[in-house]
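First up is the structure itself, then whatever we jot down about it.
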């Protein structure tokens, strides 16, 4: 079975540009999560979806960040405009809701560098 | 407020020996889940093991076991017969339900296995 797929794996962009990160969750999973990992702040949950509906976006840092999930097999995280402090590794993860257990499986991450 | 604490920033262990990575948590919820993830230098997040708050037995997955002490609110990861490939960052995480599902990760422990 394919795992969580993220693209691109690496992104280098200039300050002010729009950045779009993409994620395909594991088939059959009904939860999708976006995380950001930095040395300073560790692993932070940005937003998560249940059945394509955003449930909690309290971790989204500011209005420059937006996320969508138009269908069960695709999600995007967009940063517009990007800033150097957005440089981080962005992970997408998915899980299937099961009684008493709900393990998240992570994608390989997108390494974003904003110059 | 919920909290995950990993007090060991770095650990060394001799190959073939066992090692315990500490994790304590704080939550007032009765229903929660505890997870351990491994992050090798390549960057991916690999799920290792899960323990539910209602599970009476400690979880085990191959060489990994979770020493769950509910009264002490600790969920230590035990790796038996360490291998060089176990060198990585290890993250403890917790999920709880408080209206919506929430996830938090600890700051991680970097494990180095010595030959």
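Overview of results
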quantity	calculated
Computed label-point distance, nm, for sites residue B:44 and residue B:73 using a 7 Å Cα→Cβ extension	3.5
Spherically averaged projected area of the protein assembly as shown from its Cα convex hull (nm²)	12.8
Rg to Rh, two decimals, where region A:24-115 supplies the alpha carbon set and Rh follows Kirkwood	0.97
Extension gain (nm, one decimal) between residue A:27 and residue A:14, 0.36 nm per residue minus Cα-Cα	1.3 nm
For residues of A:51-61, the mean tally of beta carbons on other chains within 10 Å	1
Region B:74-96 residues near the modelled residue B:63 label - backbone nitrogen below 13 Å, point 7 Å along Cα→Cβ	B:78-88
Largest to smallest principal axis extent of the C-alpha atoms in chain B, angstrom	47, 28, 21
Label-to-label distance, nm, for residues given as residue B:30 and residue B:107 (7 Å Cα→Cβ offset)	3.4
Cα shape, region B:1-58, gyration tensor, a/c 1.5 rule	prolate
Calculated FRET value between residue A:38 and residue A:96, using beta carbons and R₀ = 25 Å, to 0.05	0.30
Compactness of region B:65-115, expressed as Rg and Dmax over alpha-carbon positions, Å	13.9, 48
Sorted by Cβ neighbour density within 10 Å, fewest at the top, the residues A:36, A:64	A:64, A:36
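A short reminder: the numbers here are calculations on the coordinates, not readings from a lab. Quantities reported herein were computed from a predicted structural model and do not represent experimental measurements. Cβ: placed from backbone, ideal geometry, glycine included. Neighbour counts: every protein chain shown.
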